[in-house]
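The values are calculated or read from the model by the stated rules, or taken from the named source; none is laboratory data. The structure displayed is predicted, hence computed values, not measured ones. FYI the Cβ positions are ideal-geometry reconstructions off the backbone, even for glycines, and counts take in every protein chain you see. With ligands, DNA and RNA removed, areas are computed over all heavy atoms of the protein, side chains included. Shrake-Rupley method; radii C 1.70, N 1.55, O 1.52, S 1.80 Å.
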Amino acid sequence: MTRRRELENHRRSLGEIRNIMNAMKNLSYMETRKISSFLDVQHAVVKHIETVAADFLSFYPDTLTVTTGTSTDIYLLIGGERGFCGDFNHALLRHYKTIVLSSATVQPQLISVGHKLTTLLETDEHKIIFIDGASVAEEVSKVLNQIIDQLATLQQQYKSLNLYVLYHNNEQQIINQQLLPPFKTLLHQQHEAHAPELNIPADEFLLDLNYHYLFAVLHEILYTSLMAESRQRLTHLESAVKHMDEQSEELHRKANVLRQEEIIEEIEVILLSSVHLDE
C-alpha cells in the first residue's frame with residue numbers, strides 16, 4: 001500500500017509540474033507569433049535603409065571614409081534571458097571563443113546580453129559589459145537603448161570601433177555580422193540614374209543614416225535572437241512535456257500492478273480466513 005501511494009503521489013507531482021511546463025510552452029508559442037509580426041516590419045525598415053544607403057553611396061562614395069590606424073574590436077553577444085532553451089547560450093559562447101582563438105589580434109571588448117549568458121561569463125578574467133536581455137518582445141526597446149548607450153561610451157573611449165554581433169537566426173544558426181563600420185558592402189552598387197537631392201551636407205546625411213541604420217538593424221537582431229530563443233524553448237518544453245507524460249503513464253502502470261497485487265493479497269487473506277472458519 002505504501003509503495004503504491006508513493007507512486008501515486010509522485011505521479012500527482014509530475015502532473016503539476018507538467019501543467020506548469022505546458023503553460024510555459026504555450027506562452028513561448030504565443031511569443032513567437034507576436035515577435036513574427038514585429039520582425040516583418042523590422043526587416044522592411046532595414047531593407048529600405050540599405051536601399052537608400054546604396055543609392056546615396058553610388059553618387060557620394062567619398063563620404064564613406066576609410067578608417068586609418070588601429071580600430072578596437074567590439075563583440076556583442078546576444079544570449080538568452082531565461083532558461084529552458086537547451087544549449088542556446090553555450091553554443092553562442094563556443095562560437096565566440098572559436099573566433100577569438102583563431103584571431104591574431106588582442107582580446108576584443110565584449111558586451112554580453114542576457115542573464116543566462118552572463119552566468120557563463122561571470123568567472124571570465126577579461127573585462128565584460130553585462131546587459132540584461134529581453135524576456136518578451138516589449139522589453140526589446142529597453143535592451144536596445146542600453147546597448148546604444150554602451151556603444152556611445154565605447155565610441156568616446158576608443159574613437160574607432162569595429163562592431164561585430166553574434167546571435168542566433170531563425171534557422172538556429174549562429175551569425176557573426178559586422179555592423180560598424182556600416183555600408184562597406186554597398187559601395188559601387190549603382191541604383192538610381194539621378195543623384196539624390198540633399199538638403200544637408202552629404203557627410204551629415206551619412207552620419208544620420210548610420211545612426212538610423214545601427215538602431216534599426218540592432219532592433220532586427222534582438223527580435224531575431226528572441227524569436228530563436230523562444231522557438232528553442234518551445235521545442236525543449238515540448239520534449240520535456242512529452243517525456244513527463246511518458247513517465248506519468250509508466251507510474252500509472254506500476255501503480256496498477258501494485259494495486260492488482262494488493263487485491264490478490266486481500267483475496268488470499270479472505271480465502272485463508274474462510275478456510276479457518278470452515279475448519
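Extension gain for the segment E171 to D149, taken as residue separation times 0.36 nm less the Cα-Cα distance, is 4.9 nm to one decimal. Heavy-atom surface analysis with a 1.4 Å probe gives segment 88-154 a carbon and sulfur content of 53 percent of its accessible area. The S36 and N199 beta-carbon pair, evaluated with R₀ = 51 Å, returns a calculated FRET efficiency of approximately 0.85. Applied to segment 159-166, the Karplus parametrisation 6.51 cos²θ - 1.76 cosθ + 1.60 on θ = phi - 60° returns per-residue 3J(HN,Hα) values of 6, 9, 10, 10, 9, 10, 10, 10 Hz, with x for Gly and Pro.
Can you work out the FRET efficiency for the pair D132 and A91, with r the C-beta to C-beta distance and R0 = 22 Å, to the nearest 0.05? Let's see the in-between values first.
Values: r = 20 Å, r/R0 = 0.93.
FRET efficiency, D132 to A91: 0.60.
Computed from the Cβ-Cβ distance with R0 of 45 Å, the FRET efficiency linking H212 to Q247 stands at 0.30.
Helix 2-59 and the long axis of the chain differ in direction by around 10°, with both axes built from C-alpha atoms. In degrees between 0 and 90, to the nearest 10, how far off the longest principal axis of the chain does helix 88-102 point, with axes built from Cα atoms? Value to nearest ten degrees: 40.
Where in the chain is the longest stretch that carries no trypsin sites (Lys or Arg not before Pro) classed as loop by DSSP and with at most 15 other Cβ atoms within 10 Å?
Values: sites that count: K127, K159.
Between exposed loop sites, the widest span is 1-126.
In this structure, the amide hydrogen of D132, modeled 1.01 Å from its nitrogen in the peptide plane, lies closer than 5 angstrom to those of G114, counting only residues at least 5 positions away or on a different chain. Overall, the chain carries a charge dipole of about 280 debye about its Cα centre when +1 sits on the Cβ of Lys and Arg and -1 on the Cβ of Asp and Glu, all other atoms neutral. Computing semi-axes √(5λ) of the Cα gyration tensor in Å directly from the structure and comparing it against [x] 28, 26, 17; [y] 30, 20, 18; [z] 60, 20, 13 singles out [z].
Working from label points 7 Å from Cα in the Cα-to-Cβ sense, the E6 to Q178 distance is 6.3 nm. Pairing the Cα long axis of helix 140-158 with the longest principal axis of the chain, what angle in degrees results, from 0 to 90 and rounded to the nearest 10? For 140-158 against the chain, the angle is about 50 degrees. Ordered from longest to shortest, the equivalent ellipsoid semi-axes for segment 156-279 are 76, 14, 10 Å, each the square root of 5 times a Cα gyration tensor eigenvalue.
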